[in-house]
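Here is the structure we will look at, set down as structure tokens.
Where a number appears in this text, it was derived from the coordinates with a stated rule and is not lab data. Since we're looking at a predicted model, the values are computed, not measured. Neighbour counts run over all protein chains shown; Cβ positions are idealised from the backbone, glycine included.
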Amino acid sequence: MKISSSFFAGLLGSAILASSMLVHAQTQSTQAALVKQSSIVFSGTVSQLAAASFAGVPQSPNTIVVRVDSVLKKPPAISLKKGDNVTVELKDPSAFQQGTQATFYTDGWIFGAGVAVKEVGHRIILSDAPSAGAPAASEAALVQTQDQISDQDLQNRLNSADFVVVGRVTEVRRWNVPKSSAPRVSEHDPDWHEAVVEVQSVLKGGPIKGNKVVVRFPGRNDVAWVHSPKFEKNQQGIFCLNRDQASAVSSEKVGGRQVSVYTCLGHGDSLPMSDEARVRSLLKK
Amino acid sequence: MRALAAFWMRLLVFTPIAVITGTLLLLKQSPPETGIGADRLQSPGTLRPAYASPIQVKLVDIIPASLSGETNQDSEPFLAVQTANPQVMVASAFTPNPVSSRGNAPVYVSQDGGNSWLLNAITPVQRMTCDITHAMPIGENHPRGDLHAGTLACAASITLNESESNDVSSSAVMNVQSTRANVDQPFVRALGISNSDHIYVGVNDFNQPNGHTATVDVSVDGGVTYKSFSIEARNTAGQDGPSVRPAVASDNTVYAAFFGWRKFDGKTATSDVVVVRDDAGGTGPNSFQALKDPSDKLPGRIVVKRTSIPWSNAPTLGQERIGSTLSIAVDPNHSSTVYVGWADRGSKGNIYTVHVRRSTDRGLTWSKADLPHTTIGNATNIALAVANNGVAGLLYQQLSGGRWVTHVVQSHDGFTTVQDLILATVPANTPVQQFLPYLGDYDYLLSVGNEFRGVFCANNSPDLANFPQGVTYQRAANFNTKSLTDGSGNPVAISIDPFYFSVPVIP
């Protein structure tokens, strides 16, 4: 009987612990998801309801002013620091009153004399909660989660690529556009160049005949192409490729063999070899 | 007792004097400051004597305080003013969405006559436009609209969107009304007529047959429908030049100027400067054919025949590219008077020379030579406007002595006598270009009441010597150390910013 009581007490304790760990894991997971969707994350204290913190922001029952206690995530261009007042447009203002403390997961809205954001989500900080007095721990968790965001962006890019290859650039040359598809003269002319890439391995997509591909890329530094990768001979890396839809000629002879032509146009479509393990890991997901 | 009374009397007399003197001394010694928060904005009327201009010029770096950490090349500016309420303005530049590569490209909005600006991500283009112009006519009577924009989206192909916003302060993304690919450099002008917005978008449309690419898209129903008119009637070198510029007068007269490329070898365009006119707002059966050239009887008056225009899509004039700067302006109240300005190959020693000519008979005949004071070497980004009193305004940027010098010139007599103000004179070699165009393929000038308003881009070093008429920064800047910070004291690199200005029209 005595053993049985201890056994059940232990069982109950384990259940509570497991349940608590599950709740904690779920909270962390929700928090991570919110951080991924948010460009600006901060904790703060509500100072005004149905108000805006600077001129030019449309004031409504859904806008509140929050005094920033701690900035957890923001792009470097944005000026935001402890003590600043931020306008937050809430999805539902009923959960907030003056003095409410919360972590706000937000997206940028209006940038003027101050910052206005739109709520993606929030987490109320209860004054008697164990985490209330430990913002540093919360911040550390968020910073850790932030590292996963670039993975998320990279994952999206990998998903939209037709091929992801590891390769080495053996040749770079200007592509003389055939007269039949000659582009018109514009400031935004891409000035197409071609990189012949010797494919060492295919991380995504089917086999590549002859292990060579031609990758077209804009050589020009016009505003339209400023974020497109520029290739150099002997460059080695991981390349996210799409079937060529920009230059209108989709195959070409390399070494007497007709090979497919791809483009590599987006920011982050050319990655250093140091990212290989990360890319392989993301492609498995 | 008397001594005590005398002491208190002296104290009473000298204390206010000491306070006033101290305050004046402090004011004199205080460095000009800007920082987070708009409460330190200096209006022209409050500029301190050391920095004030005898002419009431307003010059504002429009990067908001909350973006003090940004280092983008915010080049190629444009400006729209709400005609009914000129306090409301929209400016644009190659400014990316500050928080997300998937977010919408932003515009700058002012609701206080240009004293303060904020960034609102409402264009239909993802992240950053690669061309944007706009106008705010009053036909539809929206207090903070109608903004009509022509934007190019930068992607594998370049796509034009013609779109509108009824409230530029809202977060609603602009409504795309018309879209097509394979066009270049949309340039929007508009006029509100009878409760409807008439919109004119100059584009270089590669979809037009026979290389007659100079085109004006016309909408007389607020952008609900557009009709495209090729305005080129002659043989071309396969296409016209990128710049196609409309100008609209209040009597519904519409002009458009373009470069009719007759020959092109990759480095030089042999080009006519052509002006077309329509007397019915582009709604008649033979739109834009009112002017015919006496030489060939074809539509389009040739202002200058076969001039040589250098085309360089690489840093050539300082760090700027050249090849297609063009502007046209009509007197809003006397549509017979119209000015056209362009740049071509200059005389020896000049890479690129700006010219201005005028017609006073609805474009039938033009001044045979450049107007006085308007042959300007090593200059680009010409923008013309005509004020209500007939005064012509000319904005341009000149490379001179290793600096980019931005001028705004006014004249009431066809530039025979001029008022020439330098708005900015900044180092031309810094910052290093991130992409082209460095300052922009255009800037912009327009007239509002008794003001010329405009935008240009320049190196943003907070150095008062660079801005002879004075300047106001919204972003965190220290004019003593001539440095920028991110608002938290951390240094921020110099970059290219858009500047808004207002200059009173001369009598």
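Computed from Cα positions, the angle between helix B:2-29 and the longest principal axis of chain B comes to roughly 20 degrees. Remark: spin-label model distance residue B:298-residue A:98 equals 7.4 nm, labels positioned 7 Å along the Cα→Cβ axis.
Under a point spin-label approximation (7 Å from Cα along Cα-to-Cβ), what is the residue B:429-residue A:33 distance to one decimal in nm? My value for the distance between the label points is 5.6 nm. Counting only DSSP H runs of at least 4 residues, each contributing -39500 (n - 2.57), and dividing by the residue count of chain B, the helix-based mean residue ellipticity at 222 nm comes to -2000 deg cm²/dmol. Can you work out the PRE-style zone for residue A:81? Point 7 Å along Cα to Cβ, and I want the residues of the stretch B:101-126 with backbone N under 14 Å. Residues passing the 14 Å test: none. Between amide H atoms placed 1.01 Å from N, distances below 5 Å from residue B:443 occur with no residue 5 or more places distant or on a separate chain.
For chain B, the relative contact order comes to 15 percent (Cα pairs under 8 Å, sequence separation of at least 6). Cross-linked pairs A:73/A:230; A:204/A:285; B:58/B:482; B:305/B:368; B:292/B:368: Cα-Cα separations exceed 23 Å for A:73/A:230. Once backbone amide H atoms are built at 1.01 Å from N, residue B:298 has B:293 as its partners under 5 Å, excluding neighbours fewer than 5 places away on the same chain. For chain B, the Kirkwood radius over C-alpha pairs fed into Stokes-Einstein at 20 °C and 1.002 mPa s yields D = 91 µm² per second. The charge dipole of the stretch A:38-126, taken about the Cα centre with unit charges on the Cβ atoms of Lys, Arg (+1) and Asp, Glu (-1), comes to about 220 debye, rounded to the nearest 20. With θ taken as phi - 60° and the Karplus curve 6.51 cos²θ - 1.76 cosθ + 1.60 applied, the whole-hertz 3J(HN,Hα) list for the stretch B:326-333 is 7, 8, 9, 9, 10, 4, x, 10 Hz, x standing for glycine and proline.
With neighbours defined as other Cβ atoms within 10 Å of a residue's Cβ, the residues A:230, B:368 order from fewest to most as B:368, A:230. Between the listed residues B:490, B:446, B:287, the Cα displaced farthest toward the positive end of the dipole of chain B, a dipole computed from Cβ unit charges relative to the Cα centre, is found at B:490.
Ranking B:119, A:208, B:327 by Cα position along the charge dipole of the protein assembly as shown, where only Lys, Arg, Asp and Glu carry charges on their C-beta atoms, puts A:208 farthest toward the positive end.
Cα gyration tensor of the stretch B:441-507, axes a ≥ b ≥ c as square roots of the eigenvalues: rounded (a/c below 1.5), prolate (a/b > b/c) or oblate? Because a/c hits 1.5 or more and a/b exceeds b/c, the stretch B:441-507 counts as prolate. Database remark: amide H of residue A:125 closer than 5 angstrom to the amide H of A:101, A:102, A:103 (H placed geometrically; neighbours at sequence offset of 5 or more, or on other chains; Pro and chain starts carry no H).
DSSP finds beta bridges in the protein assembly as shown, and of those with both partners inside it, around 95 percent are antiparallel. Mind listing the lone cysteines of chain B, meaning no other Cys beta-carbon sits under 4.7 Å from theirs? So far as the 4.7 Å Cβ criterion goes, B:457 stand without a partner in chain B. Here the calculated FRET efficiency for residue A:51 and residue B:375, from their Cβ-Cβ distance with R0 = 56 Å, stands at 0.50, rounded to the nearest 0.05.
Would you work out which of B:182, B:435, B:242 lies farthest towards the positive end of the dipole of chain B, given +1 charges on the beta-carbon of Lys and Arg and -1 on that of Asp and Glu, about the Cα centre? Result: B:435, furthest along the dipole toward the positive end.
Under 14 Å from a label point 7 Å along Cα→Cβ of residue B:263: give me every residue in the stretch B:233-250 with its amide N that close. From the stretch B:233-250, the list is B:236-238. Of all DSSP beta bridges confined to the stretch A:38-126, the antiparallel ones make up roughly 85%. What does the C-alpha gyration tensor say about the overall shape of the protein assembly as shown? Classify as rounded when a/c is under 1.5, otherwise prolate if a/b is larger than b/c, or oblate. Taking the square roots of the gyration eigenvalues as a ≥ b ≥ c, the protein assembly as shown is oblate.
For residue A:276, project a label point 7 Å along Cα to C-beta. Then give me every residue of the stretch A:157-174 with its amide nitrogen under 17 Å of that point. Of the residues in the stretch A:157-174, A:164-170 have backbone N under 17 Å from the label point off residue A:276. Distance from the alpha carbon centroid of the stretch B:185-210 to that of the stretch B:297-329 works out to 20 angstrom. Here the residues B:384, B:445, ranked from fewest to most Cβ neighbours within 10 Å of their Cβ, fall in the order B:445, B:384.
From least to most packed, judged by other beta carbons within 10 angstrom and beginning with the fewest, A:212, A:233 follow the order A:233, A:212.
Dipole size of the stretch A:190-236 about its Cα centre, with +1 on Lys/Arg Cβ and -1 on Asp/Glu Cβ: approximately 180 debye, rounded to the nearest 20.
Going by the alpha-carbon gyration tensor, a ≥ b ≥ c the square roots of its eigenvalues, is the stretch B:345-477 rounded (a/c under 1.5) or, if a/c is not under 1.5, prolate (a/b greater than b/c) versus oblate? Note, shape of the stretch B:345-477 comes out oblate.
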